[in-house]
Amino acid sequence: MPVTTTDTPAPPGPQLAGRGLGRFADRAFALVLLGAGLSVLVILAAIVIRTTVDAWPVFQYQGFFSFITGTEWRAGFSRNEFTGTYGAFPFVFGTLFVAGIALVFALPLAIAVSVYIVHYAPLKLRTSLSYVVEVLAAVPSIIFGLWGLLWFVPTFIQPVSNWTARNLGFIPFLDGPVANVNYFHAGFVLAIMILPIITALTREIIAAAPISEQEAAYGLGATKWEVIRSVVLPRSFSGIVGASMLGLGRALGETIAVLMLVGGSQRYGFRLFFSGDTMAAHIAATFQDAAPETITALLGIGVVLFLVTMVVNMVARGIVWRFGFKATGDAI
C-alpha cells in the first residue's frame with residue numbers, strides 16, 4: 001500500500017527570521033531608498049527656487065507678463081540697476097516652433113521604425129537596428145550640429161527648402177526668402193536628434209502590447225496591418241505620448257545644435273524659413289559676455305523655459321489620461 005507523505009516546509013533559518021541585525025538592515029535600506037527618492041525632489045526644488053530668486057528682480061522691473069509677451073530684447077550693461085528692455089516672446093515662440101517642427105517629423109518616423117523592428121524585421125536585423133538606435137541616442141549634440149551645418153543642411157535640406165519656397169511660396173507658411181540658417185533647418189536636425197529617444201521607448205511600448213489580444217484578432221481573420229492598427233497602436237497610445245513628451249522635453253531644452261542652425265535672430269513668425277532663436281540657444285550665446293542685469297534676465301528666460309516644459313508635460317498628461325481612459329476603460 002503506497003504511503004502518502006505531506007511535505008511540511010521547514011521553518012525559516014536564522015538568516016531569514018527577521019530578527020536583530022536583519023530588521024535593522026531592512027529599516028536602514030528603506031531609509032536609504034526614501035532618501036534617494038526625496039533627493040530628486042530636493043534637487044528640483046533647489047534648482048527652481050534658486051533660479052526664480054535670482055531672476056525675480058527682472059520680473060519686478062519688467063513685469064512677468066510683459067517679460068513673457070514682450071517682443072523687444074535690448075540688453076543693458078549696468079551692474080546695479082536695469083537699463084535694458086527684456087521681452088522674451090521671440091525666444092519662447094522660437095523654442096515652441098522649432099520643437100514642434102522636430103516632433104512633427106520625428107514622431108511618425110519613430111512609430112514606423114518601432115513597428116517595423118517589433119513586427120516585421122527578421123531577428124538579426126531587429127537586433128542590429130535596435131543597436132543602431134541606441135548608438136544614435138548617445139551621439140553628442142555638437143556632432144549633430146556640425147554634421148547638420150556643414151554637410152546635411154547644405155547638401156539636402158537647403159535645396160529642398162529653396163524648391164519649396166520657389167514652387168509652394170504662395171502658401172504663407174512656406175514663402176521665401178530662405179535664410180541659410182532658419183527654423184526649418186534647426187527643427188529637422190533636431191528631429192533626427194530626438195528620433196532615437198522616441199524610437200527606443202516606443203519600441204519597448206509596442207513590444208509590450210498584449211499578445212492575447214493580438215492572437216484573438218488574428219483568430220478573427222485580421223491581417224497584420226489590421227492587428228497593428230486596431231490592437232497594438234491603441235493599446236500603446238498612452239505610452240507613445242509619454243515617449244514623445246520625453247523627446248519633446250529634449251527638443252525644448254536643446255542648445256548647441258539649435259544655436260548653430262536657427263540663426264540667432266529676434267525676428268519671429270509662422271514662417272518655416274525665417275531665422276529665429278530659442279530660449280536655450282539665446283542663453284548659451286549671450287551668457288558669457290553679459291552684464292549682471294542681462295544675466296538676471298537670462299535667468300528669467302530659464303525660469304520661463306522651465307514653466308513651458310511643465311505646461312507641455314501637464315498637457316501631455318491630460319492627453320494620456322483622456323485617451324488612455326477611452327482605449328482601456330481605465331484612467332492612466
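The values are calculated or read from the model by the stated rules, or taken from the named source; none is laboratory data. Quick caveat: nothing in here was measured; it's all calculated off a predicted structure. Cβ atoms come from the backbone with ideal geometry, glycine included; neighbour counts cover every protein chain shown.
With respect to Ile171, is the statement that it is closer than 30 Å to Thr127 by Cα and aliphatic (A, V, I, L, M) true? Steps first, answer last, please.
On the way: closer than 30 Å to Thr127 by Cα: no; aliphatic (A, V, I, L, M): yes.
The answer is no for Ile171.
Being part of a loop (DSSP other than H, G, I, E, B) and either among the basic types (Lys, Arg) or surrounded by fewer than 15 Cβ atoms within 10 Å (Cβ to Cβ) (or both) is the filter here; which residues of the stretch 268-323 pass it? Full working, then the answer.
First pass over the stretch 268-323, keeping only residues part of a loop (DSSP other than H, G, I, E, B): 268-275, 277-278, 287-291.
Answer for the stretch 268-323, where residues must be part of a loop (DSSP other than H, G, I, E, B) and either among the basic types (Lys, Arg) or surrounded by fewer than 15 Cβ atoms within 10 Å (Cβ to Cβ) (or both): Gly269, Phe270, Arg271, Phe287, Gln288, Asp289.
Residues being touching a residue at least 60 places away in the same chain (Cβ under 8 Å) and either farther than 23 Å from Trp225 by Cβ or among the aliphatic types (A, V, I, L, M) (or both): count how many of those fall in the stretch 106-119.
First, pick out the residues of the stretch 106-119 that are touching a residue at least 60 places away in the same chain (Cβ under 8 Å): 106-107, 109-111, 113-115, 117-119.
Pick out the ones that are also either farther than 23 Å from Trp225 by Cβ or among the aliphatic types (A, V, I, L, M) (or both) and you get 106-107, 109-111, 113, 115, 117-118.
Residues in the stretch 106-119 being touching a residue at least 60 places away in the same chain (Cβ under 8 Å) and either farther than 23 Å from Trp225 by Cβ or among the aliphatic types (A, V, I, L, M) (or both): 9 in total.
With respect to the numbered conditions (1) loosely packed, with under 15 Cβ neighbours inside 10 Å; (2) closer than 19 Å to Phe97 by Cα; (3) touching a helix residue (DSSP H, G or I) at 6+ places or on another chain (Cβ under 9 Å), which one is the sole condition not fulfilled by Ser161?
Ser161 satisfies every listed condition except (1).
Can you find, within the stretch 134-158, the residue that is surrounded by the fewest Cβ atoms within 10 Å (Cβ to Cβ) among those that are touching a helix residue (DSSP H, G or I) at 6+ places or on another chain (Cβ under 6 Å) and farther than 17 Å from Ile101 by Cα? Full working, then the answer.
Applying the first criterion (touching a helix residue (DSSP H, G or I) at 6+ places or on another chain (Cβ under 6 Å)) to the stretch 134-158 yields 136-137, 141-142, 144-145, 148-149, 153, 157.
Of the ones still in play, those that are also farther than 17 Å from Ile101 by Cα are 136-137, 141-142, 149.
Details: Leu136: 16, Ala137: 16, Ser141: 18, Ile142: 13, Leu149: 18.
Restricting to residues being touching a helix residue (DSSP H, G or I) at 6+ places or on another chain (Cβ under 6 Å) and farther than 17 Å from Ile101 by Cα, the top hit is Ile142.
Looking at this structure, is Ala99 in contact (Cβ under 8 Å) with a residue 60 or more places away in the chain, among the aliphatic types (A, V, I, L, M) and touching a Ser or Thr at 6+ places or on another chain (Cβ under 7 Å)? I'd like the intermediate steps shown before the answer.
Numbers: in contact (Cβ under 8 Å) with a residue 60 or more places away in the chain: yes; among the aliphatic types (A, V, I, L, M): yes; touching a Ser or Thr at 6+ places or on another chain (Cβ under 7 Å): no.
No: the conditions fail for Ala99.
Do any helices (runs of 4 or more DSSP H) lying entirely in the stretch 120-238 carry at least 1 residues that are among the small types (Gly, Ala, Ser) and in contact (Cβ under 8 Å) with a residue 12 or more places away in the chain, and which ones are they?
Numbers: elements: 123-137, 141-147, 158-168, 183-207, 211-219, 224-227.
Passing ranges, in order: 123-137, 141-147, 158-168, 183-207, 211-219.
For residues that are among the hydrophobic types (A, V, I, L, M, F, W, C) and surrounded by fewer than 19 Cβ atoms within 10 Å (Cβ to Cβ), scanning just the stretch 242-267, find the one that is modelled with the highest pLDDT.
Within the stretch 242-267, the first condition is being among the hydrophobic types (A, V, I, L, M, F, W, C), and the residues that meet it are 243, 245-246, 248, 251-252, 256-262.
Next cut, surrounded by fewer than 19 Cβ atoms within 10 Å (Cβ to Cβ) only: 246, 256.
Numbers: Leu246: 87, Ile256: 91.
Of everything passing the filter in the stretch 242-267, Ile256 is modelled with the highest pLDDT.
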